[in-house]
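Remarks on the structure that follows.
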Amino acid sequence: MQEEHSNKHPNNFDDEIDLLELFNVLLQGKWIIVSVTTFISIIGVIYSLLLPNIYESRALLVPVKSSSSISGALSSYSSLAGLAGINLPSGGGGEDNSAQAIQKINSLSFFENSILKNINVPDLMAVKSWNSGTNTLTYDESIYKINSNTWVRDVSYPKQKIPSAQESFEVFRSEHLSLSQDKKSGFITLSIKHQSPFIAKQWVELVINEVNTFYRQKDKAESEKAVSYLNQQISMTSLSEIKQVMAQLLQEETKKLTLIEANQAYVFDYIDPPAVMEKKSGPSRAKICILFAILGGMLSIALVFIKHIFLRKNIS
């Protein structure tokens, strides 16, 4: 037992010696640690200062509810319409379309048909910085030359010199667009990030206006088809009971068309509209500098230990 107890002390003593040796190694290499950490920290400061400011414009939305009077009336007549051999479209608007609209905003087809044609593609793919004094954008000359309005970027397949709709969509969705929904309240937050706070606000409004327009036109087309079909059937039938049912259905569809035309906020309405933000949302230059300083410290300590190991090997 005494031998076992005595054998533990040399190990503890060795541990103390190892800790002291490590401390002495760090102390001897303090100038390497200070120099490397300072150098990499300076690189971090320069890098953070070269990054452009990013502004985020955000809108808080609520799904627009369908007209209870029209949708209720149509549902009450749906059984009668079925007896007459008529399939009416479901009542459109807000909550009926909001779930689809969220997915639609994140789709390539919506971006290509509704967004891409309404924005300046260089503002999406080639912006270098934004001048707050003149409210003008500068573009990366290695990508796009504004003087000649030509794309000059050097890319390889599958990318093209002129950005395709698919490539533009990936950049838009990954770097600019953010869309989320609160499951409890149902409220939707849509935000756009951009070097220009004015473009960020414009693009938020564009997305919301276009998705409202898309579903308004879709439901309008369905209702117009229903009205046309009902008028055709009324002229063809000779039964007064069927004519009466169809006339009532026609009246309700006409009311629905009137509401579709009058309601601009068809799927989403604003709770809090987007604004031109004065404060940037990124980058966090302080965090970048701290990360570079930590990286420099870790790298310098590793260099000191590597140097110490090589020196010990050469001596032995």
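Where a number appears in this text, it was derived from the coordinates with a stated rule and is not lab data. Quick caveat, the model's predicted, so the values are computed rather than measured. As a convention, Cβ positions derive from the backbone with ideal geometry for all residues, glycine included, and neighbour counts pool all protein chains shown.
Numbers below:
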quantity: Per-residue Cβ neighbour rank within 10 angstrom, fewest leading, 31, 130; calculated: 31, 130
quantity: Residue order, fewest to most beta carbons within 10 Å, for 156, 114, 164, 281; calculated: 156, 164, 281, 114
quantity: Projected-area mean, the stretch 173-251, by convex hull of Cα positions, square nanometres; calculated: 8.6
quantity: Eligible lysines near residue 183 by straight Cα distance, threshold 19 Å, same-chain separation 8 or greater; calculated: 65, 104
quantity: Loop sites in the stretch 129-206: GluC sites (Glu not before Pro), DSSP, at most 15 other Cβ within 10 Å; calculated: 141
quantity: Estimated D of the stretch 253-296 in µm² per second, where Rh is the Kirkwood radius over Cα pairs and Stokes-Einstein applies at 20 °C, 1.002 mPa s; calculated: 139
quantity: Trypsin sites (Lys or Arg not before Pro) restricted to DSSP loop in the stretch 245-294 with at most 12 other C-beta within 10 Å; calculated: 279
quantity: Violating pairs (Cα-Cα greater than 32 angstrom) within the set 184/279; 145/201; 30/128; calculated: 30/128
quantity: Value of Rg/Rh across the stretch 216-316 [Cα atoms, Kirkwood radius]; calculated: 1.73
quantity: Spin-label model distance (nm) - residue 135 vs residue 213, 7 Å beyond Cα toward Cβ; calculated: 2.2
quantity: DSSP-loop GluC sites (Glu not before Pro) across the stretch 209-316, with at most 14 other Cβ within 10 angstrom; calculated: 278
